Amino acid sequence: MTASDVTRSGLSRRAVLAGSAGLSFAFALGFDPGAGALAAGPGGRINAYVRIATDGTITIINPAAEMGQGVNTAIPLIIAEELDADWSKVKVETAPVDPVYNHPVLRTQMVVASISVRGYWMPCRMAGAQARRVLMEAAAGRWGVPLAEVSTEPSAVLHKASNRRMTYGEIAAFAQVPEKMPELKPEELKPVAQFRLLGKDVTRVDVAAKSTGRETYAIDVRVPGMLYGTLARRPVRDSGPVSFNRDEIRQMPGIVEVVALDHGVGVIGETVEAVFAARQKLKIQWKDAPGFKMNSETARAEYLAKVRDPAAKGVVGRNTGDAMGAIASAARVHTSEFTTDYVYHAQMEPHACVASVTPDGLELWAGTQWPTRTVEDAAKAAGVPAAKVKFHHLTMGGGYGRNAFVEYAVDATLLSKAVGKPVKMIQSREDDMANGRFRPMTAQRIVVALDGQGKVSGWRHRIAADTIVPYLYGQERMDAQKGVDHIVVYGADMPHYEVPNHVAEHIYEERGVRTAAWRGIGAGHNNFAIEVVLDELARMAGEDPVAYRLAILKDPRAKAVVQKASQMADFSRKRDGRALGVAFSKLGAPPIGFALIATVAEVSVDRASGKIGVHNLWMAADVGLPLQPSNIVAQLEGAAVYSLGAALKERVTIKNGLVEQSNFHDYEIMRMSEIPAMHTELIRSGDIPLPVGELSMGATLPAIANAVFALTGKTLRHAPFTPERVKQALA
């Protein structure tokens, strides 16, 4: 087994010298979420843990989970930059679960919302700078020279006046970290212009292992005495098994035990093949629950009726000015409606987890977006304190929000507890899809007020959708937010547009469907509606859609990305049999700042089949300070491919509470032959990195819809734009 042995540990604020083992630093730094920039200050804590061995090896522990977004390189690079480390001597380890590694904004160890690098930015810079200062002070003291006379080069301290040099490894052999770490001001950090690692295309540390098949995922783990297990989970929330053919399943070859749980039936056996064969033979009678009444096709019409109904009350999620008053006094009112289907995360790695419950505690191997929750929930399932959990935190094969839910770790723990042996729980793709947590289905209605000059004076955006927050964070979080489901309404605000009166409302639709944040969270559906409406307004005004956006955008950075993308695409040039569409989107929040993007899509439409061809995507993205340019481009283009699936193909339908799709033959994702040429340019607008991983999710879908209108004169209002729906629109 190659899984690294990452365990829970109690870290002190003080770092100590352990003889010739080297020098260890433990940093507990604060974060003030109210500040304009992320910085050290009062509040939550973050830990950036650095070890320097006497041979010069520098170990940097990454506090954020890696699931393909590159944080296992980007965050250690931040520390290494300020430490002035020789990157060739750096090793990266994944952090154990410990409060000192909590994300500064989220206050827990969790990777969501594309804010890992942004959140750890200033604390990790400060940690690296403090470690460098300690090394400099130690060397200056040994030489008997003033601190002001020493400097550093990669992994070495210099005294130029006497031509002396001491490596970090040599310093580690005698230095001791002070009781109190040096206090540094932000202006004492390295100027961005002097960066030699950040801003460059440093190869990701995980590339070699992934490219050669040496990376360890949960499904790869093997431990002595291990059995295999899988779980038939209840199809809908609040259900559970009433009865099942236990005796028949226990008699099957290779089956060790069949376990009834509150939320499903577990099968445990000697081989994966035996367990999956038994799973296919399970006959379970499920307890009735409200979710069994769910039929997505009929529900969508009901959702639309809700957003049209003035009496249907919604929770106000975003509000500026008096939108209703502006609509009531408008010279003209424009109304548009849109719907989107449920979509599945389709992460490459179906859920797997190895658990071993013993009298001494619990040992767990898993990849997860929420390590803190994984340990806490698994500990509860095992009936042991969290301190008794030894957790091996592994790389994920994708996540996209799905792995913020950690029930697979609980399932593995319960199966191990039932048989008293280690169990590798593996969920088949079919079960993963049947029990997926989906991006909610939505119906949206946007009402725009126009004044006598044709300018937008008011905007009302109504969204009918399932909730997510209560099932991810708990009802207490929802109550604390006064009923605002920030995940569902995300992207419905319009801070970059000149819209003086704006309101976004969420009408709850609780149908018993499991839901989750999905890459891009609410922007995937909300920005679709917003940006298509803006194209409609441009046509009403008789203006080019790019020119219209530039006129209504009030943010210079937003104007810049729209101008850049349109220039890249040569937007005004007519194409034979093809057309272009444009859309703008953002990612972030006021306390951390917004990354911005504009996307132009070039499409064709086969009128006979209804199939849309997307031939080119041009993306201009303002990400603040690009720390790893090539990786940022990869993230933007990867997210664009992901959003193409939701634009053209991906949809989950539910009948009598059951998911009708079962695998990739009937839940179609994009194929390589269907991927358009991508042209991506980054715009630097400051000295702080801004969120990246989900940035392109909000603009791809509306850019395609707007291009289809430009080509056909028909507006597509129901995503995904399947061939059948396109033919209906053309008819």
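Just so it is clear, none of the values below were taken in a lab; they were calculated from the coordinates. Keep in mind that what you see is a predicted model, and the values were worked out from it rather than measured. With ideal geometry, Cβ positions are generated from the backbone for all residues, glycine too; neighbour counts draw on all protein chains shown.
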Gyration tensor (Cα) of the stretch 362-413, equivalent ellipsoid semi-axes in angstrom:
18, 10, 8
By the C-alpha gyration tensor axes a ≥ b ≥ c (rounded if a/c is under 1.5, else prolate when a/b exceeds b/c, else oblate), the shape of the stretch 684-731 is prolate
Among the helices of the chain (complete DSSP H runs), which have Cα atoms covering no less than 15 Å along the helix axis and a Kyte-Doolittle mean of at least -0.5?
71-83, 116-143, 407-419, 523-540, 556-569, 629-648, 697-712
Could you give each residue of the stretch 208-223 its phi-based ³J(HN,Hα) in whole Hz, using Karplus coefficients 6.51, -1.76, 1.60 with θ = phi - 60°, and x for Gly or Pro?
4, 5, 6, 6, 9, x, 8, 5, 9, 10, 4, 5, 8, 6, 10, 10
How big is the dipole moment of the stretch 19-202 about its Cα centre under a simple scheme where the beta carbon of each Lys and Arg is +1, that of each Asp and Glu is -1, and everything else is neutral? Debye, nearest 20, please.
100 debye
Sum -39500 (n - 2.57) across every DSSP H segment of at least 4 residues in the chain, then divide by the residue count to get the 222 nm mean residue ellipticity, nearest 500.
-9000 deg cm²/dmol
With unit charges on the beta carbon (Lys/Arg positive, Asp/Glu negative), name the residue among T700, G321, V561 whose Cα is farthest towards the positive pole of the charge dipole of the chain.
G321
Cα-based Rg and Dmax for the stretch 595-731, where Dmax is the largest Cα-Cα distance (Å):
16.5, 52
Here are several values of log10 I(q)/I(0) by the Debye sum over Cα atoms at q = 0.05, 0.07, 0.08, 0.10 Å⁻¹: [x] -0.38, -0.70, -0.86, -1.15; [y] -0.23, -0.46, -0.60, -0.98; [z] -0.27, -0.53, -0.69, -1.04. Which one was derived from the coordinates shown?
[z]
GluC sites (Glu not before Pro) within the stretch 660-715: DSSP coil, no more than 11 neighbouring Cβ in 10 Å
none
State the percent of C-alpha pairs, over all pairs in the stretch 626-682, separated by a distance greater than 19 angstrom.
44 percent
Taking Rh as the Kirkwood radius computed over C-alpha pairs, what is the Stokes-Einstein D of the stretch 19-202 at 4 °C in a medium of viscosity 1.567 mPa s, expressed in µm² per second?
78 µm²/s
Using 0.36 nm per residue of separation minus the Cα-Cα distance, give me the extension gain between M672 and E188 in nm, one decimal.
169.5 nm
Arrange the peptides 372-383, 579-590 so that the one whose residues have, on average, the most other Cβ atoms within 10 Å appears first.
579-590, 372-383
Rounded if a/c is under 1.5, else prolate if a/b is larger than b/c, else oblate: which is the stretch 53-109, with a ≥ b ≥ c the root eigenvalues of its Cα gyration tensor?
prolate
Quick one: Karplus J couplings for the stretch 182-190, per residue in order, coefficients 6.51, -1.76, 1.60, θ = phi - 60°, nearest Hz, x for Gly and Pro?
x, 8, 10, 8, x, 6, 8, 6, 4
Let me know the shape class of the stretch 562-658, please: from the alpha-carbon gyration tensor, a ≥ b ≥ c as square roots of the eigenvalues, rounded when a/c is under 1.5, otherwise prolate if a/b is greater than b/c, or oblate.
oblate
How big is the antiparallel share of DSSP beta bridges in the chain, given as a percent to the nearest 5?
75 percent
What is the packing order of peptides 277-287, 494-504, taking the mean over residues of other C-beta atoms within 10 Å and listing the highest first?
494-504, 277-287
What residues have an amide H closer than 5 Å to that of K390, excluding those fewer than 5 places away on the same chain, when H is modeled at 1.01 Å from N in the peptide plane?
L362, E363, L364
Taking the Cα centre of the chain as the origin, how large is its charge dipole in debye, to the nearest 20, when only Lys and Arg (+1) and Asp and Glu (-1) carry charge on their Cβ atoms?
300 debye
Find, among the trypsin sites (Lys or Arg not before Pro) in the stretch 435-539, those assigned to loop by DSSP (not H, G, I, E, B) with at most 13 other beta-carbon atoms within 10 angstrom.
K482
Do any chymotrypsin sites (Phe, Trp or Tyr not before Pro) in the stretch 66-164 lie in a loop, going by DSSP, with at most 15 other beta-carbon atoms within 10 Å of their beta carbon, and if so which?
none
Which residues qualify? For Y497, with a placed amide H closer than 5 Å and at least 5 residues away or on another chain, they are K554
